[in-house]
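Novice: The following block contains the structure, expressed as structure tokens.
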Amino acid sequence: MSQREIAYSEVNDDIVRSLVVTGRNYYITLAVSILVTFACFFGPWFYQIQYGIGAAGMNHPTVWGTYLASFIFWIGLSHSGTLLSAVLHLTNSEWRKAMYRSAEAMTLFSVMVAATMVMVHVGRPWFVHWAVPYPNQMEMWPNFRSPLMFDVMAITTYMTGSIIFIYMGTIPDFAAVRDRTTGWRHHMYVLLSLGWRGTDTEWHRLHWAYTFLAVLIVPLAVSVHSIVSWDFALSIVPALHQTIFAPYFVVGAIYSGTAGIVTVMFVLRKYMKFEHLITKLHFDNLGKLLLVMSLLWTYINAVELFTGWYSESSEEYEALGFRLFGFYGPLYWEMILFCAVAPLLLISKRFRTSFVPMLILSIAINIGMYTERFLIVATSLPRQYLPDAWGMYYPSLVEILIMIGSFGMFTTLFLIFVKIFPSVSLYEVKETLPEPQPKLRTQSESGAS
Amino acid sequence: MAINALGLFDAPSSALEAAGELKGAGFEAPEIISPIPIHGVEKVLGKKKNIIKRFTFFGALFGGIGGFALAAGTAVLYVHVTGGRPVIAIPPFLIITYELTILCGILATVAGFFLSSRLPAMRDRVYAPEAAVDKFAVTVECEDSEQFRRAHEILQNAGAEEIRELGGSE
């Protein structure tokens, strides 16, 4: 590996430094993202709560808008973190070790933002507990036949699983940081590390618990985005009522999530000074994964168009025609350019190992993927069976602001995370380094190999 | 009161060797504290039982049964027929079952991990902070000073950089 020259203690130093030493740029970025969150997310949301859901551009027949597009986007972005980390853990991929922690954090915070988007979308978030099955004075129970209830169960499970997965993996690192910090940080890490010592028994238990969690989380992550797709596919709306939707969403989710990881890795590498931990190797591997996902995604898009055309049903034709050449047509072609054409550059190894081009591509892919989610809601509902039920949807200012604000919220959460959680896994990076050998001794016994 | 001998090593291989010798000399349950999981511990200190898998299995089983019971039970409690579909509809309820299987499996795995690794620790235990950075510690509980002397000797012969005497856990 390219990290051969690093000593164990240097890894500790680097990570503790990333937690304790905070530059001015960090505070400025944090302040800006908090400001954006309040100005663009909570402000407009408060306005919408005060004046009613009419503040958003959603109306009959397009009762889903950018809130749901953002919801799918954030759930999608969440996918590669925990999923990728779990799959790579089960397949013993060494290169996962320097990057999985921040990928998992990305998962966690995107799921949180996604859950908040649902609150925004439902209009009356103070009734959201009605979706939870608990005995109540109305003697009413949620309808478990509804895909919306599948969502509630899946996302709750996913959020719980992701929190536990990232926390369990960090316990040894909390312990390592605990020994090196003072003051309130020390107290916090004492609590978070739960008294971890790193005994052989503890490592053994952690290994098995972590492996079982990984085994449980892989099918969970696949189910979550399948279920999100069924919110759409189980309706009878043309262009949504398709069996390909579940794999389409899962592939799209992993695709945008991997692109998200590339973006986050770039930022961590550059601004947390992890140049020697996050290397070209990681970008190369992530690039290959992105390329595969992009090809899969393109294939599924082609299948979607083909089955629509092959169905010979007029409403399907209309919906697809509207998507490709209607009002939002240019957005469709932008999506194809960003998500299907541009990623072909990844065939070149030189491109995959160049940091800035990878950053630009990863952002472009996510812009394309957001567009995809927007098109799914904004081009299918306006064209349903009867032309007199057609109608257009334009996002209102409140919706656009909340969409921007959701990025601010994600950034804020992530910035807080990098100062509390060691953003690179200490012990697993050490595992990738050559094992320390005993120093040569003058004593007669053997042992120095 | 028991005392603990703790030897610090700079390489996992020497720590393993020391732990093996301590075990061979009749010391009960020597422990290795290390910054990374060491390969080959089981060969030296014996195979460890893995009880977490039981937690995972029964947790998941409970979740599966509970999940279906939740969906079917509440549907029966408040019968609301829509579109002529059955009250207890198998395909959608299997999704709820699936999710709760995983949820309870995860929670039980965590419970199993905490119980079997005795975390969170409520009192101080033998520990060397260096073993979270780049040292490998071998600790063993000694009943008296004579035993401690023997442990000290074994650790020293195995090449310990430093040997500490620590108060034992009551």
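Bear in mind that the values in this text are calculations on the coordinates, not laboratory data. In this text, all values refer to a predicted model and were calculated from it rather than measured experimentally. Please note: Cβ atoms are built from the backbone with ideal geometry, for glycine as well, and neighbour counts cover all protein chains shown.
Novice: So what is the calculated 222 nm ellipticity per residue for the protein assembly as shown, using -39500 (n - 2.57) for each DSSP H run with n of 4 or more, over all residues, to the nearest 500 deg cm²/dmol?
Specialist: Numbers: 21 runs with 381 residues, N = 619.
For the protein assembly as shown, the value works out to -21000 deg cm²/dmol.
Novice: Compare B:Gly46, B:Gly20, B:Gly73 in a GNM of chain B, Cα atoms joined below 10 Å, and give the one with the largest fluctuation.
Specialist: Comparing B:Gly46, B:Gly20, B:Gly73 in the GNM, the peak value goes to B:Gly73.
Novice: Show me A:357-366, A:48-57, A:218-227, A:233-242 ranked by packing, highest mean number of other Cβ atoms within 10 Å first. Write down the numbers at each step before the final one.
Specialist: Working: A:357-366: 20.5, A:48-57: 15.2, A:218-227: 23.5, A:233-242: 18.1.
Ranking the peptides A:357-366, A:48-57, A:218-227, A:233-242 by packing returns A:218-227, A:357-366, A:233-242, A:48-57.
Novice: Going by how many other beta carbons lie within 10 Å of each one, how would you line up A:Phe325, A:Phe150, A:Phe249, fewest first?
Specialist: Numbers: A:Phe325 12, A:Phe150 24, A:Phe249 28.
Ordered by Cβ neighbours within 10 Å, fewest first: A:Phe325, A:Phe150, A:Phe249.
Novice: Follow-up. Which of the peptides A:29-36, A:384-391, A:285-292 is most tightly packed, and how do the rest follow, going by the mean number of other Cβ atoms within 10 Å of each residue?
Specialist: Working: A:29-36: 15.8, A:384-391: 12.1, A:285-292: 20.1.
Result, highest mean Cβ count within 10 Å first: A:285-292, A:29-36, A:384-391.
Novice: Filter the GluC sites (Glu not before Pro) in the stretch B:1-84 down to the DSSP loop ones having no more than 16 other Cβ atoms within 10 Å, then list what survives. Please list the in-between numbers first.
Specialist: Working: sites: B:Glu17, B:Glu21, B:Glu28, B:Glu31, B:Glu42; in loops: B:Glu28.
For GluC sites (Glu not before Pro) across the stretch B:1-84 that sit outside H, G, I, E and B with at most 16 neighbouring Cβ atoms in 10 Å, the list reads B:Glu28.
Novice: Let me ask you something else. Count, for each residue of B:57-63, the Cβ atoms from other chains sitting within 10 Å of its Cβ, then give me the mean as a whole number.
Specialist: Details: counts 1, 0, 2, 2, 0, 0, 1.
Averaged over the peptide's residues, the number is 1.
Novice: Please order A:Met153, A:Met403 by the number of other Cβ within 10 Å, starting at the fewest.
Specialist: A:Met403, A:Met153
Novice: Span-like helices, chain A: DSSP H, alpha-carbon axial extent 20 Å or more, mean Kyte-Doolittle -1.0 or greater, which ones?
Specialist: A:66-90, A:100-122, A:147-178, A:200-233, A:245-271, A:280-310, A:355-378, A:397-420
Novice: For peptide A:242-253, what's the mean number of Cβ atoms from other chains within 10 Å of each residue's Cβ?
Specialist: Values: counts 0, 0, 0, 0, 0, 0, 0, 0, 0, 0, 0, 0.
Whole-number average of other-chain Cβ neighbours for A:242-253 is 0.
Novice: Sticking with the crude label model, points 7 Å out along Cα→Cβ, report the distance from B:Asp144 to B:Phe58 in nm, one decimal please.
Specialist: 4.3
Novice: Rounded if a/c is under 1.5, else prolate if a/b is larger than b/c, else oblate: which is the stretch A:320-410, with a ≥ b ≥ c the root eigenvalues of its Cα gyration tensor?
Specialist: Oblate, since a/c reaches 1.5 and b/c is not below a/b.
Novice: When you count, for each residue, the other Cβ atoms within 10 Å and take the mean per peptide, how do A:307-320, B:97-110, A:257-270, A:189-202 rank with the highest first?
Specialist: Most protected by this proxy first, the peptides run B:97-110, A:257-270, A:189-202, A:307-320.
Novice: What list do you get for A:Thr157, B:Thr74, A:Thr412 if you sort them by fewest beta carbons within 10 Å?
Specialist: On the way: A:Thr157 26, B:Thr74 17, A:Thr412 22.
If I rank by nearby Cβ atoms, fewest first, I get B:Thr74, A:Thr412, A:Thr157.
Novice: I'd like the mean, over residues of A:136-143, of how many other protein chain beta carbons sit within 10 Å of each residue's own Cβ. Each step should come with its number before you reach the end.
Specialist: Numbers: counts 0, 0, 1, 2, 4, 9, 6, 7.
Across A:136-143, the average partner-chain Cβ count within 10 Å equals 4.
Novice: Give the long-range amide H neighbours of B:Cys142: residues separated by 5 or more places, or on another chain, with amide H under 5 Å away, using H modelled in the peptide plane at 1.01 Å from N.
Specialist: Long-range HN contacts for B:Cys142: B:Ile3, B:Asn4, B:Ala5.
Novice: Can you tell which of A:Leu83, A:Gly368, A:Ser423 lies farthest toward the positive end of the dipole of chain A, using +1 and -1 charges on the Cβ of basic and acidic side chains (Lys, Arg; Asp, Glu)?
Specialist: Selected residue: A:Ser423.
Novice: Rounding to the nearest 10 and keeping the result within 0 to 90°, find how far the Cα-based axis of helix B:52-77 lies from the longest principal axis of chain B.
Specialist: Taking the Cα atoms of chain B, the angle to B:52-77 is about 20 degrees.
Novice: How much length is gained on full extension from A:Ala39 to A:Thr181, taking 0.36 nm per residue of separation minus their Cα-Cα distance?
Specialist: Values: separation 142, 0.36 × 142 = 51.12 nm, distance 3.50 nm.
Going from the current span to full extension adds 47.6 nm.
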